Each structure stands twice: as C-alpha cells, then as structure tokens.
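K.L.:
My questions all concern the structure below.
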Amino acid sequence: MRKRRPPRRPRRRPWLVGSVAIGGSLAAVAVVLVYTAAVTNPRQAATAADPVLGGGPGCEPTRTEQLVRGNGIGSSANGPETILAFQHAYYVARSGTRARALTTQDAAVPTAEVIDAGIASIPAGTQHCVLITPLADGRFDVVISEMRPDAPVRTYRQFVTVTARDGAIAITKIAPPS
C-alpha cells in the first residue's frame with residue numbers, strides 16, 4: 001500500500017509577502033508626501049494678533065500656565081497681563097504716569113517722575129520682549145529683553161508682586177531677584 005500524501009495547499013506565502021511589501025511601500029510614500037506638504041505649505045499662524053499679548057520676530061507670543069511671553073498692551077485682568085501693561089507703558093507709550101497707574105499707591109515702585117527719567121535714557125525705537133514665569137510664593141519672575149537700535153540686546157531680571165484691587169490686578173512691588 002502506498003502512503004497517501006496529504007493534499008497540497010496552494011502556496012500563499014509569496015502573495016502575502018508581496019502584498020505586505022507593496023503596502024509598506026505605499027505607507028512610506030504617503031509619509032513622505034505628508035511631510036513634504038507640511039514643509040512646503042506650513043500652517044498659517046493666526047492672522048489677527050492678540051493685542052494683549054503682542055509678539056513679533058524675536059518675541060513669539062506665548063501663553064501657558066507656566067510661561068507668558070510678549071510685548072503687547074497687556075491689561076489688568078491678571079498678574080502677567082498687568083506686567084505686560086506696565087512694560088508697554090514704559091517702552092511703547094513711554095509714560096511713567098501710565099506705568100505708575102498700574103501699581104498700588106503705596107507700591108514699592110519708583111514715582112512716575114523717576115520712571116520718566118528712566119524712559120528718557122532709552123532711545124526711541126527700542127523694542128522689548130517680556131518673559132513672565134510665576135513663582136511658588138505668588139510673585140512673578142520677569143525677564144525683559146531690550147533691543148536698542150544699533151546696540152546689543154540687554155536683559156533685565158526682576159521679581160514682581162501683584163495684588164487684587166477694585167476688580168483689577170495691580171503691581172505692589174518690583175524688586176531685583178533675591
């Protein structure tokens with residue numbers, strides 16, 4: 001008696017390997033096409049800038065829980081925006097009176113006249129960028145980059161304390177880091 005061989009199954013392995021190879025190649029091509037499209041046609045940033053935050057080349061606007069960066073007009077809605085408003089009054093409006101209006105009357109901040117004298121020492125056209133980080137004790141660590149025309153960038157660091165006052169936030173103290 002002859003031993004009977006089991007029936008032969010058709011070979012699917014070459015077809016399966018070929019299908020996987022083609023699928024992998026198509027996936028690789030798709031990845032390359034998506035990447036190329038992203039590089040050649042980057043997403044547009046918001047066209048309407050946030051005037052409170054401001055920003056621009058060298059001062060990209062950022063707002064997170066741990067960092068605010070900008071050079072906008074600010075507001076008195078919260079600590080970082082009040083700090084932005086103070087710096088905007090200093091560098092853009094060039095007004096010690098407007099800057100001092102963002103502080104409490106008894107704030108540990110120079111008078112409007114002293115602030116005006118500081119402003120007068122800075123050439124018109126000076127750009128600025130403010131980086132604000134909250135500290136655990138409620139103060140803010142503020143780094144101001146000052147870009148004067150035809151001069152290297154200057155950086156100043158200060159700790160700013162704020163308080164709630166009549167439904168707004170006001171600065172109570174500006175001090176060097178300690």
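K.L.:
With the requirement that a residue be touching a residue at least 24 places away in the same chain (Cβ under 8 Å), under 26 Å from Arg63 (Cα atoms) and β-branched (Val, Ile, Thr), what does region 110-146 give you?
P.N.:
Thr126, Val130, Ile132, Thr133, Val142, Ile144
K.L.:
Any idea how many residues of region 91-113 are in contact with a Phe, Trp or Tyr (Cβ under 9 Å, 6 or more places away or on another chain) and in a strand (DSSP E or B)?
P.N.:
1
K.L.:
In addition: Is one or more of the residues making up region 158-167 aliphatic (A, V, I, L, M), open to solvent by less than 50 Å² (accessible area, probe 1.4 Å), over 26 Å from Gly58 (Cα atoms) and part of a strand (DSSP E or B)?
P.N.:
Scanning region 158-167, I find at least one residue that is aliphatic (A, V, I, L, M), open to solvent by less than 50 Å² (accessible area, probe 1.4 Å), over 26 Å from Gly58 (Cα atoms) and part of a strand (DSSP E or B), so the answer is yes.
K.L.:
While we're on this one: Of the numbered conditions (1) open to solvent by 80 Å² or more (accessible area, probe 1.4 Å); (2) at pLDDT 95 or above; (3) in contact with a strand residue (DSSP E or B) (Cβ under 8 Å, 6 or more places away or on another chain), Glu60 satisfies every one except a single condition; which is it?
P.N.:
Going through the list (1) open to solvent by 80 Å² or more (accessible area, probe 1.4 Å); (2) at pLDDT 95 or above; (3) in contact with a strand residue (DSSP E or B) (Cβ under 8 Å, 6 or more places away or on another chain), Glu60 breaks only (2).
K.L.:
So Gly79 fits all but one of (1) over 21 Å from Thr103 (Cα atoms); (2) modelled with pLDDT of 85 or more; what number is the exception?
P.N.:
Among (1) over 21 Å from Thr103 (Cα atoms); (2) modelled with pLDDT of 85 or more, Gly79 violates only (1).
K.L.:
Ok, one more. On the basis of being assigned to a loop (DSSP other than H, G, I, E, B) and closer than 19 Å to Gln66 by Cα, does Pro123 make the cut?
P.N.:
The answer is no for Pro123.
The values are calculated or read from the model by the stated rules, or taken from the named source; none is laboratory data. Since the structure is predicted, the reported quantities are computational estimates derived from the model, not experimental observations. Positions of Cβ are generated from backbone atoms using ideal geometry, with glycine treated the same way; all protein chains shown enter the neighbour counts. These area figures cover heavy atoms from the full protein model, side chains too; ligands, DNA and RNA do not enter into them. Shrake-Rupley method; radii C 1.70, N 1.55, O 1.52, S 1.80 Å.
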